[in-house]
Amino acid sequence: MLQNLLSPYKGSFKDYTELRAQVNTNQRVVLVAGNMVSNSQETEGGVSARVYRGGTFGFASGATYTPEGVKNVLSAATDNAIFMDSHAKKGQPPLPSAAPGNQGLVIQPRPAVQQSILIDFAKAVDALIVEKYKNLSSRTVVSNSLDIEKLLVISDGADSHFYQPRSMVYVMMTADTPDGIPVEMYVPLGGFGHFDELFMSPAQYEAEIDALYESLMKKREGVFTKAGYTQCVLGPKMAGMLAHEAIGHTVEADAVISGSVASYNLNKQVASELVTMIDIANTYQGRTIGLPVYVDDEGVIAEDAMLIDKGILTGYMHNRDSARELGMKPQGNARAFTFSDEPLIRMRNTAILPGTSKLEDMIASVEDGYYLVDTGNGQADQTGEFMFSVEEGYEIKNGKLGKAIRETTVSGVAFEMLKTVDMVADDMYWTVSGFCGKKQPMTCGMGGPALRCMINVGGK
């Protein structure tokens, strides 16, 4: 556990100042066809300081977390702020103030689990695959544990002690189609928590691995999609990715300030009135969700950020500086991945909220289209234009699921596509398995229900 060496310096802060100590421990094991190709454990830690003056920040970091190291980093950040202010001469007012407080640990930090635990579990899953699942051309099992601990002392806002463990196992299977083309699918298992608590036996996850294999066997016999603008049901995983990539990044206020599509759509209709989208801080319907954030790295107590309310774009995600510039309220979206990173505006747990329709009714309502279940990767830009791969999907013929489809793509412009949503399912799916990339990686959650909409589907 991090020792608090920061608080004694709080009385010396003259300008707005953030002082943060942080340690990230990342453990990873990769088995490919039973052979270990990666076995690593990395710990990265240190201290950083950021000082605001007149519209600019001075930042400094160091890997030595001692009283002398803290003093040196704080002095360097202050000098950098003075230098930047003297040259930029922006003359901006102070940052928006934040409520004071002290957010203590929600769960206690623990030492990293023994690497052998990750290795043994990966081997056990691999052995299960060999024993149970046939007709595979390749298999990969990845065990991963990422623990992040932060201490934050701040001149104006809430001090905090934060600890977030995320433990995942990724199972990937590949099979060949009758014409010799490899097709691949994967499933992420786990989430928020310690590895040895989430992964005690492969039997816990056998149902999910069974479902992965069954879907892959259907996909290897799959058909190609017909290109065109098509009525589809997007599964919750697809909806979550859409919310994050194609919409979420456009409503981060730094993107708004630089001219994203959201910059001229505030208080305008950007989606069907059935669509409501929120960046959730830590709690949904009374339960802790995803990867909870209670205080961000600028000392702002985290609140949910309403982004789209019944189809109307109502807000953005902010840090204190963008909130000052746009005259809005920061709600806890400033986050840094390592001690040497400055906080950036980042999503936390971004989701489209459920509606009232049943998934089976949505599928039954489609005469000729597709049920698109899962995505692998994709891209979106600041106009909201997107293209995602489809890793798992099925034909819909006369309201019934048909054959699985080969890998394809979907594309469109998010705010236009969302206007075609005419059914939203009452289910909800959350995932915390990936990283968001934006100058620095970041853990985050995403979620959503199934959506019925019109979307461009790629062909052979």
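Overview of values
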{"read-out": "All positions within region 322-348 that are part of a loop (DSSP other than H, G, I, E, B), crowded, with 22+ Cβ neighbours inside 10 Å and either of a type in the set (A, V, I, L, M) or at negative phi (or both)", "value": "330, 331, 333, 336, 337, 343, 346, 347, 348"}
{"read-out": "Residue ranges of strands (runs of 3 or more DSSP E) in region 125-199 with at least 1 members among the polar types (S, T, N, Q) and touching a helix residue (DSSP H, G or I) at 6+ places or on another chain (Cβ under 9 Å)", "value": "138-154, 158-176"}
{"read-out": "Subset tally (residues that are at positive phi and under 26 Å from the mean Cα position of the chain (by Cα)) for region 164-190", "value": "1"}
{"read-out": "Qualifying positions in region 213-243 - more than 15 Å from residue 412 (Cα to Cα), in a helix (DSSP H, G or I) and touching a strand residue (DSSP E or B) at 6+ places or on another chain (Cβ under 9 Å)", "value": "213, 215, 216, 217, 218, 219, 220, 236, 237, 240"}
{"read-out": "Residue in region 35-51 that is surrounded by the most Cβ atoms within 10 Å (Cβ to Cβ), counting only those that are farther than 22 Å from residue 153 by Cβ and among the hydrophobic types (A, V, I, L, M, F, W, C)", "value": "36"}
{"read-out": "Complete set of residues in region 90-110 that are touching a strand residue (DSSP E or B) at 6+ places or on another chain (Cβ under 9 Å) and without any contact (Cβ under 8 Å) to a residue 60 or more places away in the chain", "value": "90, 100, 102, 104, 105, 107"}
{"read-out": "Conditions (1) open to solvent by 10 Å² or more (accessible area, probe 1.4 Å); (2) touching a residue at least 12 places away in the same chain (Cβ under 8 Å): number failed by residue 134", "value": "(2)"}
{"read-out": "Index of the failed condition, residue 352 passing every other in (1) farther than 20 Å from residue 245 by Cβ; (2) crowded, with 22+ Cβ neighbours inside 10 Å", "value": "(1)"}
{"read-out": "Qualifying positions in region 204-226 - within 23 Å of residue 369 (Cβ to Cβ), in contact (Cβ under 8 Å) with a residue 12 or more places away in the chain and of a type in the set (Asp, Glu)", "value": "221"}
{"read-out": "Residue list for region 432-456, restricted to those being open to solvent by 10 Å² or more (accessible area, probe 1.4 Å), closer than 20 Å to residue 387 by Cβ and not charged (D, E, K, R)", "value": "434, 435, 437, 446, 454, 456"}
{"read-out": "In region 53-63, residue most open to solvent (accessible area, probe 1.4 Å) [restricted to those that are of a type outside the set (A, V, I, L, M, F, W, C) and touching an Asp or Glu at 6+ places or on another chain (Cβ under 6 Å)]", "value": "53"}
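The rows are residues; the columns are (1) within 16 Å of the chain's Cα centre (by Cα); (2) open to solvent by less than 20 Å² (accessible area, probe 1.4 Å); (3) not polar (S, T, N, Q).
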{"residue": "253", "(1), (2), (3)": "no, yes, yes"}
{"residue": "260", "(1), (2), (3)": "no, yes, no"}
{"residue": "273", "(1), (2), (3)": "no, no, yes"}
{"residue": "280", "(1), (2), (3)": "yes, yes, yes"}
{"residue": "283", "(1), (2), (3)": "yes, no, no"}
{"residue": "299", "(1), (2), (3)": "no, yes, yes"}
{"residue": "304", "(1), (2), (3)": "yes, no, yes"}
{"residue": "320", "(1), (2), (3)": "no, yes, yes"}
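The values are calculated or read from the model by the stated rules, or taken from the named source; none is laboratory data. Nothing here was measured: the structure is a model prediction, and the numbers come from that model. When we count neighbours, we look across all protein chains shown, and the Cβ atoms used for this are built from the backbone with ideal geometry, even at glycine. Ligands, DNA and RNA are excluded from the accessible area calculation, which covers all protein heavy atoms including side chains. Shrake-Rupley method; radii C 1.70, N 1.55, O 1.52, S 1.80 Å.
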